[in-house]
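Here, each number is a calculation from the coordinates, and none is a lab measurement. What you see is a predicted model; the values in this text were computed from it and never measured. Ideal geometry is used to build each Cβ from the backbone, glycine not excepted, and the neighbour counts take in all protein chains shown.
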Amino acid sequence: MMEWTHPMQIPQQGLPSQKTRSSVMRFVAFVLSLVFIFIIPWENAITIGELGTLTRAIGLLMTALWVVKILATGKFRKPRPFHMMIFLFVGWNCMSTFWSLSTPDTTQSMKTYLQLAGLTIILWDLYDTPAALRAALQAYVLGAYVSIGSTVATYLAGNPISELDLPRYAGAGLDANELALILTLGIPVAWHLAVSPVVGKKGYVLRVINYVYVPCALFATMLTGSRMGLFTMIPGLLFILGRSTQLKGPYMILVLGSLAVAALVLQPLIPQSSIDRLGTIGSSINERDLGGRVDLWRGIIATFSEHPFLGAGSGTLRASGEIGTVAHNTFLSVLAETGLIGLTVLVILLAMAAYQTLRKPIWGYGLWLTVLIDWTMGASALTLERTKLTWLFLSLVVIGASLGGERDKSSSVVAD
């Protein structure tokens, strides 16, 4: 029977209570957040007029519903110090408008950071159970499959992204190196989901999907010809080896044997151009070139030396002309744009995320460390501080750590 709290309120048959309406809004916002996470691995594939990427449109709707839910219920999950550090970092970037070398670029960067900070708060509020977190991880893996399919399609169609170097392939409108990181971040996530307990037929179907993701992601990463991607594979593969020891003997043999067979089947399909490019890692290191990044980094450091404490202004390295270009290194980018102060805040923020994964035994303990290591390796070659990928995974790491005291069946590895 529906309750009406106001003594003068006359109930109307079928009219939902405010609590019911807020629950519905929260549920819809949660579903939209899953769609949002699903799209992130291939967000550049679809744009909607002036709105931009599809994630932006979904994100705006998700945010609107979440805000209405907060206003209706007055309830909000209390942020952690980690979130306070995020807003300190974003605030410092916003303050750099006052001394920026390119105010329009800093203003645009400020808008992006504010949106990403809002995303971390929304995810923190919506994902407060292990089941919800698993749903987010699964959405990411399924979204990464879209990028895998798009990359394989470009390969089969013979449409490399560039003929200037050895031919490379990347789908979903993504840069090859960025795509490689997206896919390799999904490897430990997919494996964690695959070896966790399942419920019902749907669970078994998802388990197979997650197992199959590993060889598919490795194959697509090889197609990108990304030398960085070759390194970011390593943490995920080590995670797989570590978690495999917890599987029951026959099951472990079956799973690892199937992966080995898949690797043997896919290996001949990798184009020689990708193998040749990956084979240049040694010479690139010996020549101290790293794909032209070393000279670029020298220029970035020169920019930093002119503005060591405050930086040149958030977003200015993306400006054209005299100010510079994309840094291809997240830490150097933050250093040059926001100075020693901005980099210090970022490092503290990352250290807080790492600390929360270590302070107590939680489900996914190895998963979150693997994700952080993988992201750090990618951040050393890519400019990731203003990407949804970065703030999504940092949010999931902290959410996962916060659920340490809420262990459920997913804390063990089984072979049912």
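What to note about this one:
- Placing pseudo-labels 7 Å out from each Cα toward the beta carbon at Leu269 and Leu340 gives an inter-label distance of 5.3 nm.
- 5 angstrom amide H check on Thr53, placed H, neighbours 5+ away: Ile48
- Exceeding the 32 Å Cα-Cα cut-off - candidates Lys202/Lys388; Lys78/Lys248; Lys201/Lys248; Lys75/Lys388; Lys78/Lys202: Lys78/Lys248; Lys78/Lys202
- Overall shape: prolate for region 17-76, with the ratio a/c of the largest to smallest alpha carbon gyration tensor axis at 1.5 or above and a/b above b/c.
- For region 131-287, the square roots of the Cα gyration tensor eigenvalues, ordered a ≥ b ≥ c, give a/c of at least 1.5 with a/b greater than b/c, which places it in the prolate category.
- Shape of region 105-154, Cα gyration tensor, a/c cut at 1.5: oblate
- Per-pair calculated FRET efficiency, R0 = 35 Å: Thr129 and Val347 via Cβ, rounded to 0.05: 0.70
- Table column - 3J(HN,Hα) (Hz), region 30-41, Karplus curve with 6.51, -1.76, 1.60, x for Gly and Pro: 5, 4, 5, 5, 5, 4, 4, 5, 4, 7, 3, x
- Inter-label distance, nm, simple model (7 Å from Cα along the C-beta direction), Ala72/Val199: 2.5
- Per-pair calculated FRET efficiency, R0 = 25 Å: Leu358 and Ser244 via Cβ, rounded to 0.05: 0.65
- Each part gets one Cα centre, and for region 158-217 versus region 68-146 those centres are 25 Å apart.
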